[in-house]
1. Taking 0.36 nm per residue of sequence separation and subtracting the Cα-Cα distance, how much length would be gained by fully extending the chain between Asn16 and Leu43, in nm to one decimal?
2. Compute the length gained on full extension between Lys24 and Val50: take 0.36 nm times their separation in residues and subtract their Cα-Cα distance, giving the result in nm to one decimal.
3. Could you sort the peptides 44-53, 63-72 by per-residue average Cβ neighbour count (10 Å cutoff), highest mean leading?
4. For the pair Met126/Gln8, report the inter-label distance in nm, with labels modelled 7 Å from Cα in the Cβ direction.
5. Short version: ³J(HN,Hα) in whole Hz for each residue of region 71-78, in order, from phi by Karplus 6.51 cos²θ - 1.76 cosθ + 1.60 (θ = phi - 60°), x for Gly and Pro, what are they?
Amino acid sequence: MPLSEHEQRMLDEIENALYADDPKFASSVRKTGGTGGRRPAGLVVILGLVGVALLVGGLALDFKPGGFPVLSLVGFLVMFAAGVLAMRAVPSKASSSAGSAGGARVPGTGKASTKGAEGQSYSSRMEDRFRRRFEQ
């Protein structure tokens, strides 16, 4: 359903305010455009269904050369390939957000902190981040 003129104007105002407030985030959103990083979902689903059909069909049919259900093995391999394709198609958010520095980001410094290396637990680092957000 398309937006009304008033809703479109409001959306444009919100976008312009976002671009003015946080240009780095706005440029990253503009790069992906809502479709960036999508996995080929249709292909993954089709491969998964074909794999399940081969797996079950191989067990149901009496086609077992040498006493081994080869068709079921092929079905498993097709399902495995679908899983690998699904995992490799989308980069994990943890690796892209942490960057190459590998630490928690400290607002305003542009560098990663070394708190994780000093033995501070994950939950305490998250509590510190939460407190910093509300102190600003």
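No lab work stands behind these numbers, since they all come straight from the coordinates. Bear in mind the structure is a predicted one, so any value in this text is a computation, not a measurement. Reconstructed Cβ throughout: ideal geometry from the backbone, glycine too, with neighbour counts over all protein chains shown.
1. Working: separation 27, 0.36 × 27 = 9.72 nm, distance 3.69 nm.
Stretched fully, the Asn16-Leu43 segment lengthens by 6.0 nm.
2. Working: separation 26, 0.36 × 26 = 9.36 nm, distance 4.28 nm.
Net length gain for the segment: 5.1 nm.
3. Numbers: 44-53: 15.9, 63-72: 12.4.
Answer by packing, highest mean first, reads 44-53, 63-72.
4. Each label point lies 7 Å from its Cα, and together they span 4.3 nm.
5. My calculation for region 71-78 gives 4, 5, 5, 4, x, 4, 5, 5 Hz in order.
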